[in-house]
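Notes follow once the structure below has been shown.
The values are calculated or read from the model by the stated rules, or taken from the named source; none is laboratory data. All values reported here derive from a predicted model rather than from experimental measurement. Glycine gets a Cβ as well: all are built from the backbone with ideal geometry, and neighbour counts include every protein chain shown.
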Amino acid sequence: MSGVVIFESKYGDISFEADESVLEALEAHDSGVQSLSGDGSDVSVRASIKFNDALQSLHNYVSSMQDVVQKLTLKPKEVSVEVGVTLKGSAGFVIAKAGAETSMKLTLKWEP
């Protein structure tokens, strides 16, 4: 079973393709989830959590990285953060992981 998860945002609905584990987690942990359609193999659900709320863990991560960089004695000219995110049912978006390693890349560049 696969389907679509729909989040409300202040700019309109945002839809994501989701696999069975995400759909099951939403239905189990999100008491406000609304099933919109489904024929057994393809399902659409509307999450009760707002899109911005689902991204809160990403916001916390990026803010923490920003704090660390700002405390550096020698400030880099350029900072780049690349983060993989995964939709995890009631947890919203979480930092994605590949095996035992987390999918993150931080690049700091200094120029003379």
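Here Ser80 meets the list (1) under 28 Å from Glu8 (Cα atoms); (2) modelled with pLDDT of 75 or more; (3) part of a strand (DSSP E or B) almost entirely, failing just condition (1).
Check whether at least one residue in the range 52-66 is assigned to a loop (DSSP other than H, G, I, E, B) and either modelled with pLDDT under 80 or in contact with an Asp or Glu (Cβ under 8 Å, 6 or more places away or on another chain) (or both), and report yes or no. There is at least one residue in the range 52-66 that is assigned to a loop (DSSP other than H, G, I, E, B) and either modelled with pLDDT under 80 or in contact with an Asp or Glu (Cβ under 8 Å, 6 or more places away or on another chain) (or both).
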